[in-house]
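Enquirer: Below is a structure I'd like to ask you about.
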Amino acid sequence: MADFRSDTVTQPSAAMRQAMHDAALGDDVFNDDPTTLELQRYAAELLGFEAALFAPSGTQTNLIAMMSHCQRGDEAIVGQQWHTYKWEGGGMAVLGSIVPQPLELQSDGTLALSDIASAIKPDDPHFARTRLIVIENTIGGKVLPLSYMRDVAHLAKEKGLKCHIDGARLMNAAVALAPDHQLSPRQMARELCQGYDSLSLCLSKGLGCPVGSLLLGSAEFIARATRIRKMLGGGMRQTGVLTAAGLYALKHNIERLAEDHANARALADGLTQLASQLPALQSLTVIAPQTNIVFTDISPALAERLLPYLAQHGVKVTASRYQATQGTLMRLRWVCHLDINRVDINNTLLLIQKFAGS
Ligand SMILES: *Cc1c(COP(=O)(O)O)cnc(C)c1O
């Protein structure tokens with residue numbers, strides 16, 4: 001019925017498939033796939049960078065970025081919960097010989113500027129050379145504000161460091177922040193990138209492509225990145241079939257992310273209401289979403305009944321057990337995306353209501 005596991009589960013729409021079908025193709029390792037060149041140009045202009053590079057995954061664009069900024073033995077400052085640190089198999093250390101310096105996150109998803117500043121190592125042979133600050137926006141569905149993004153970029157410049165945005169869901173952040181700044185989501189996305197040396201952007205999440213991520217930066221950086229992409233096995237041939245989807249997504253699927261955010265809010269509001277009304281859902285707490293991701297906590301006892309019930313009725317979520325101050329809880333993650341509409345939200349709420357009433 002509804003697959004909330006991730007915004008990666010989206011299927012290319014009919015119009016996107018048509019664009020893929022119709023794409024002009026070349027050989028991208030020879031740098032002559034016209035559709036890929038067009039996507040890279042389009043994205044670079046959209047986000048205010050000199051150049052861009054298409055790669056098979058966001059894990060790879062992040063790794064390419066870190067390897068392009070850092071030499072063997074250099075250090076990158078990351079968050080404990082950053083994708084680059086925790087969810088990429090340790091690739092920066094394994095493949096890049098880069099030393100991660102993880103920092104605890106604040107409750108708003110930021111790294112405290114003072115924590116970043118004090119993690120930067122002095123030039124001393126005892127220490128790895130601090131070279132790079134990585135920032136993730138959005139992080140767990142939370143939006144890092146423009147002022148914070150600027151502060152980190154300034155700190156990096158001041159300390160002579162490079163800075164990279166893992167912006168797998170940067171467009172969600174841009175769509176969420178745009179109204180407050182009276183900018184369009186596109187202008188907002190560009191503002192968020194200003195002062196950064198590189199950005200990794202996923203096409204295969206909320207933007208709805210089947211495959212692919214983009215890495216953006218200076219022309220000189222992208223030239224180095226292209227060699228590393230080749231080294232990592234990410235040089236591909238008739239990529240136009242994939243990058244046509246990327247072009248379609250950047251042209252048609254940015255502004256509509258606001259619908260996913262509205263659906264996430266509707267789901268969160270509905271669940272909050274059910275929890276307040278139905279004793280069976282007493283242990284359910286809902287964390288108000290800032291973008292397209294809703295987290296809910298439930299007791300293990302409720303999880304034991306609710307999770308199989310949802311699965312049985314075709315509602316897919318991810319769940320993980322964690323230790324909260326009040327004891328063990330199950331945290332459910334509900335991700336809204338292009339293939340979930342308001343009817344799916346309403347049906348899911350009705351289903352949970354039925355579960356709690358029975
Ligand atoms: C999804 C994601 C990535 C990259 O994921 P791939 O599955 O490798 O494309 C990178 N960073 C963040 C924050 C992500 O959410």
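Enquirer: Given the criteria farther than 24 Å from Leu170 by Cβ, within 16 Å of the ligand (Cβ to nearest atom) and hydrophobic (A, V, I, L, M, F, W, C), does Val94 qualify?
Expert: On the way: farther than 24 Å from Leu170 by Cβ: yes; within 16 Å of the ligand (Cβ to nearest atom): yes; hydrophobic (A, V, I, L, M, F, W, C): yes.
Against the criterion (farther than 24 Å from Leu170 by Cβ, within 16 Å of the ligand (Cβ to nearest atom) and hydrophobic (A, V, I, L, M, F, W, C)), Val94 qualifies.
Enquirer: OK, next. Could you list all residues from segment 316-358 that are exposed (fewer than 14 other Cβ atoms within 10 Å of the Cβ) and closer than 16 Å to Phe295 by Cα?
Expert: Those that are exposed (fewer than 14 other Cβ atoms within 10 Å of the Cβ) and closer than 16 Å to Phe295 by Cα: Thr318, Ser320, Arg321, Tyr322, Gln323, Ala324, Thr328.
Enquirer: Right, another one. Of all residues in segment 176-210, count the ones that are among the hydrophobic types (A, V, I, L, M, F, W, C) and either away from the ligand (no atom under 16 Å from the Cβ) or surrounded by fewer than 18 Cβ atoms within 10 Å (Cβ to Cβ) (or both).
Expert: Keep residues of segment 176-210 that are among the hydrophobic types (A, V, I, L, M, F, W, C), which gives 176-178, 183, 188-189, 192-193, 199, 201-203, 207, 209.
Applying the additional criterion that residues be either away from the ligand (no atom under 16 Å from the Cβ) or surrounded by fewer than 18 Cβ atoms within 10 Å (Cβ to Cβ) (or both) yields 177-178, 183, 188.
Number of matching residues: 4.
Enquirer: Go through Leu161, Leu113, Leu132 for me and flag whichever is surrounded by fewer than 19 Cβ atoms within 10 Å (Cβ to Cβ), farther than 23 Å from Leu332 by Cα and either touching a helix residue (DSSP H, G or I) at 6+ places or on another chain (Cβ under 9 Å) or of a type in the set (Asp, Glu) (or both).
Expert: Numbers: Leu161 fails: surrounded by fewer than 19 Cβ atoms within 10 Å (Cβ to Cβ); Leu132 fails: surrounded by fewer than 19 Cβ atoms within 10 Å (Cβ to Cβ).
Selected residue: Leu113, the only one of Leu161, Leu113, Leu132 that is surrounded by fewer than 19 Cβ atoms within 10 Å (Cβ to Cβ), farther than 23 Å from Leu332 by Cα and either touching a helix residue (DSSP H, G or I) at 6+ places or on another chain (Cβ under 9 Å) or of a type in the set (Asp, Glu) (or both).
Enquirer: If you don't mind, there's one more thing I want to ask. Please go through segment 59-99 and pick out each residue that is open to solvent by less than 40 Å² (accessible area, probe 1.4 Å) and either of a type in the set (S, T, N, Q) or touching an Asp or Glu at 6+ places or on another chain (Cβ under 8 Å) (or both).
Expert: Of the residues in segment 59-99, the ones open to solvent by less than 40 Å² (accessible area, probe 1.4 Å) are 60-70, 73-79, 82, 84, 88, 90-92, 96, 98.
Listed by number, the residues that qualify are Gln60, Thr61, Asn62, Leu63, Ser68, His69, Gly79, Trp82, Thr84, Ile98.
Enquirer: Right, next: Which of the numbered conditions does Ala168 fail, given that it passes all the others? Conditions: (1) within 13 Å of the ligand (Cβ to nearest atom); (2) closer than 17 Å to Ala262 by Cα.
Expert: Just one mismatch for Ala168, condition (2).
Enquirer: Going through Ala249, Ala258, Ala264 one at a time, which residue ends up being closer than 21 Å to Phe4 by Cα, within 19 Å of the chain's Cα centre (by Cα) and open to solvent by 30 Å² or more (accessible area, probe 1.4 Å)? Break it down into steps so the answer makes sense when it comes.
Expert: On the way: Ala249 fails: open to solvent by 30 Å² or more (accessible area, probe 1.4 Å); Ala264 fails: open to solvent by 30 Å² or more (accessible area, probe 1.4 Å).
Criteria check complete, one pass: Ala258.
Enquirer: Another question about this same structure. Quick one: would you say Cys163 is farther than 27 Å from Asp260 by Cα and within 16 Å of the ligand (Cβ to nearest atom)?
Expert: Values: farther than 27 Å from Asp260 by Cα: yes; within 16 Å of the ligand (Cβ to nearest atom): yes.
Against the criterion (farther than 27 Å from Asp260 by Cα and within 16 Å of the ligand (Cβ to nearest atom)), Cys163 qualifies.
Enquirer: Please count how many residues of segment 183-224 are closer than 24 Å to Lys251 by Cβ and touching a Ser or Thr at 6+ places or on another chain (Cβ under 7 Å). Explain how you work it out, then say what you get.
Expert: Here is the first cut: in segment 183-224, the ones closer than 24 Å to Lys251 by Cβ are 183-194, 196, 198-217, 219, 222.
After this cut, where a residue has to be touching a Ser or Thr at 6+ places or on another chain (Cβ under 7 Å) as well, the list is 200-205, 208, 210-217.
The total comes to 15.
Enquirer: When you scan segment 304-315, do you find a residue that is under 30 Å from Ala174 (Cβ atoms), open to solvent by 20 Å² or more (accessible area, probe 1.4 Å) and not aliphatic (A, V, I, L, M), even just one? Spell out the reasoning first.
Expert: From segment 304-315, those under 30 Å from Ala174 (Cβ atoms) are 315; that's our starting set.
Okay, now just the ones that are also open to solvent by 20 Å² or more (accessible area, probe 1.4 Å), so none.
There is no residue in segment 304-315 that is under 30 Å from Ala174 (Cβ atoms), open to solvent by 20 Å² or more (accessible area, probe 1.4 Å) and not aliphatic (A, V, I, L, M).
Enquirer: Okay, moving on. Among the residues that make up segment 36-58, is at least one of them within 16 Å of the ligand (Cβ to nearest atom), modelled with pLDDT of 95 or more, of a type in the set (Ser, Thr, Tyr) and more than 19 Å from Tyr196 (Cβ to Cβ)?
Expert: Looking for residues that are within 16 Å of the ligand (Cβ to nearest atom), modelled with pLDDT of 95 or more, of a type in the set (Ser, Thr, Tyr) and more than 19 Å from Tyr196 (Cβ to Cβ), one finds at least one in segment 36-58, hence yes.
The values are calculated or read from the model by the stated rules, or taken from the named source; none is laboratory data. Remember, it's a predicted structure, so these values are computed and weren't measured experimentally. Counting neighbours? That spans all protein chains shown, and the Cβs are built from the backbone with ideal geometry, glycine included. Only protein heavy atoms, including side chains, enter the accessible area calculation; ligands, DNA and RNA are left aside. Shrake-Rupley method; radii C 1.70, N 1.55, O 1.52, S 1.80 Å.
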